[in-house]
Amino acid sequence: MNLDNFDLNLIRVFLAIAKHRNVTEASRELHLTQSSVSHALARLRSLCNDPLFVRSSGAMAPTVAAQAMIEPLEQALKSVRQSLGHATPFDPRTSERRFNLLLTDVGQTAYLPALLAYLGEHAPSIGIDVLHLPMDGYPKAFADGVADLAVGYMPTLYGGFHHQVLFTTPQVCMLRADHPDIRQSISLEQYLAATHVVVEPPGRGPGVVEKALGKARLQRKIAVRLPNISAGPLIVRRTRHIMTVPAQIDVFQGGLTGIVFLPLPFDVEVMDIGMLWHERTHNDPANRWLRDAMVEIFSDAGADSAATEAGHNP
């Protein structure tokens, strides 16, 4: 194959056919005539010396060679689009840029829905790819150019990176609404007597609750240790176990059915929830826009978290 004569538009045709398994549907997506797509497919077959797509059960099924080409060509087209996006003025209303975000499971639950709702209104063609890595893997992800932005509680990673605090959030006690032993408030004695669900993500050191309890020489009864928070509300709702979580879990979820949040009976350091990014993306217009959007989305989150800590349950 002579790559000097290769038309990059053929990649778009190939991927559209691979997606729809139909020349007519591919032509609609590409805003081309069906004959133009068929002609492009004929050129591709000649260049690759392979039929690429064959009729099977009324659809265009990829051959073994075509199947092996799909993912690499998707990544290549993505890279081309991103490169062109860096070279042209950024307009969120029309941009098809994709951002790679480092988020913990808490971040996926608490921040991602609000961000996607904002993008749906202001930047409908922008995409988000979420990366879930141990926190000690964040620096390498930034250094390798894999990540655009990290959002969450990351106090140990501020050195060497740009960062901005979005809001602060307290810790609260999460328990089922009809808990048999705990009602409108929780005392220190009840907290220590209860059994706890604790999240211990890989790559993260002791959290603010562990530090506060250790400083006071107190110890809680841990029934379940989880690597992430996703199963926590389900466990709490069906057992007597309680769980200490950041207040914004309730704020951004709009209330979790059958669950209440109570202020803790001891002092715990508030958590700074912020953004972290690398120098290479610092002046990129698209990344600046995303960071400004995050500030706009979460500017009132601190006040909402404080309301939850005071006992407000939506």
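The values are calculated or read from the model by the stated rules, or taken from the named source; none is laboratory data. Keep in mind that what you see is a predicted model, and the values were worked out from it rather than measured. Every residue, glycine as well, gets a Cβ built from its backbone with ideal geometry; the counts of neighbours run over all protein chains shown. Ligands, DNA and RNA are excluded from the accessible area calculation, which covers all protein heavy atoms including side chains. Shrake-Rupley method; radii C 1.70, N 1.55, O 1.52, S 1.80 Å.
Condition (residue is modelled with pLDDT of 85 or more, out of contact with any helix residue (DSSP H, G or I) (no Cβ under 9 Å at 6 or more places or on another chain) and surrounded by 12 or more Cβ atoms within 10 Å (Cβ to Cβ)) applied to segment 62-74: is it met by at least one residue?
Scanning segment 62-74 turns up at least one residue that is modelled with pLDDT of 85 or more, out of contact with any helix residue (DSSP H, G or I) (no Cβ under 9 Å at 6 or more places or on another chain) and surrounded by 12 or more Cβ atoms within 10 Å (Cβ to Cβ).
Take the residues in segment 239-255 that are open to solvent by 40 Å² or more (accessible area, probe 1.4 Å) and at pLDDT below 95; name whichever of them is farthest from PRO201 (Cα to Cα).
Filtering segment 239-255 for residues that are open to solvent by 40 Å² or more (accessible area, probe 1.4 Å) and at pLDDT below 95, the one farthest from PRO201 (Cα to Cα) comes out as GLY254.
Looking only at segment 87-99, which residues are open to solvent by 40 Å² or more (accessible area, probe 1.4 Å) and over 16 Å from ALA147 (Cβ atoms)?
Passing the criteria: ALA87, THR88, PRO89, PHE90, ASP91, ARG93, THR94, GLU96.
Taking only segment 268-280 into account, find how many residues are over 18 Å from PRO246 (Cα atoms) and at pLDDT 90 or above.
Of all residues in segment 268-280, those over 18 Å from PRO246 (Cα atoms) come to 276-280.
Within this subset, residues satisfying the condition of being at pLDDT 90 or above are 276-279.
The number of residues fulfilling the criteria is 4.
Hey, among LEU77, LEU102, which residue is under 30 Å from SER230 (Cα atoms) and surrounded by 14 or more Cβ atoms within 10 Å (Cβ to Cβ)?
Exactly one of LEU77, LEU102 is under 30 Å from SER230 (Cα atoms) and surrounded by 14 or more Cβ atoms within 10 Å (Cβ to Cβ), namely LEU102.
Restricting attention to segment 160-180, does a residue exist that is at pLDDT 90 or above, open to solvent by 60 Å² or more (accessible area, probe 1.4 Å) and within 25 Å of HIS241 (Cα to Cα)?
Within segment 160-180 (the criterion being at pLDDT 90 or above, open to solvent by 60 Å² or more (accessible area, probe 1.4 Å) and within 25 Å of HIS241 (Cα to Cα)), the answer is yes, since at least one residue qualifies.
Quick check on segment 186-217: of everything there that is at pLDDT 95 or above and out of contact with any strand residue (DSSP E or B) (no Cβ under 6 Å at 6 or more places or on another chain), which residue is most open to solvent (accessible area, probe 1.4 Å)?
Ranking the candidates gives GLU189 first.
Out of (1) among the charged types (D, E, K, R); (2) touching a residue at least 60 places away in the same chain (Cβ under 8 Å); (3) surrounded by fewer than 16 Cβ atoms within 10 Å (Cβ to Cβ), the odd one out for ASP144 is which?
Status for ASP144: all satisfied but (2).
Please work out which residue is least open to solvent (accessible area, probe 1.4 Å), limiting yourself to segment 283-314 and to residues that are acidic (Asp, Glu) and modelled with pLDDT of 60 or more.
The qualifying residue least open to solvent (accessible area, probe 1.4 Å) is ASP284.
Go through segment 37-58 and report how many residues are open to solvent by less than 70 Å² (accessible area, probe 1.4 Å) and touching a helix residue (DSSP H, G or I) at 6+ places or on another chain (Cβ under 7 Å).
Residues meeting the conditions: 10.
I'd like the residue in segment 105-119 that is open to solvent by less than 50 Å² (accessible area, probe 1.4 Å) and among the small types (Gly, Ala, Ser) and, out of all such residues, is nearest to PRO139 (Cα to Cα).
Step by step, filter segment 105-119, then rank; the result is GLY107.
Which of the residues belonging to segment 98-110 are of a type outside the set (A, V, I, L, M, F, W, C) and modelled with pLDDT of 90 or more?
ARG98, ASN100
Going residue by residue through segment 16-28, is there one that turns out to be more than 30 Å from ARG288 (Cα to Cα), touching a strand residue (DSSP E or B) at 6+ places or on another chain (Cβ under 7 Å), surrounded by fewer than 15 Cβ atoms within 10 Å (Cβ to Cβ) and modelled with pLDDT of 90 or more?
no
Looking at segment 13-32, I want the residues that are assigned to a helix (DSSP H, G or I) and have a partner that is open to solvent by 70 Å² or more (accessible area, probe 1.4 Å) and of a type in the set (S, T, N, Q) with Cβ atoms under 7 Å, at least 6 apart or on another chain. Which pairs are those?
So the pair list comes out as VAL23/GLN34; THR24/GLN34; SER27/THR33; SER27/GLN34.
Please tell me if ALA123 is modelled with pLDDT of 95 or more, small (Gly, Ala, Ser) and buried (at least 20 other Cβ atoms within 10 Å of the Cβ).
Taking the combined requirement at face value, the residue satisfies it.
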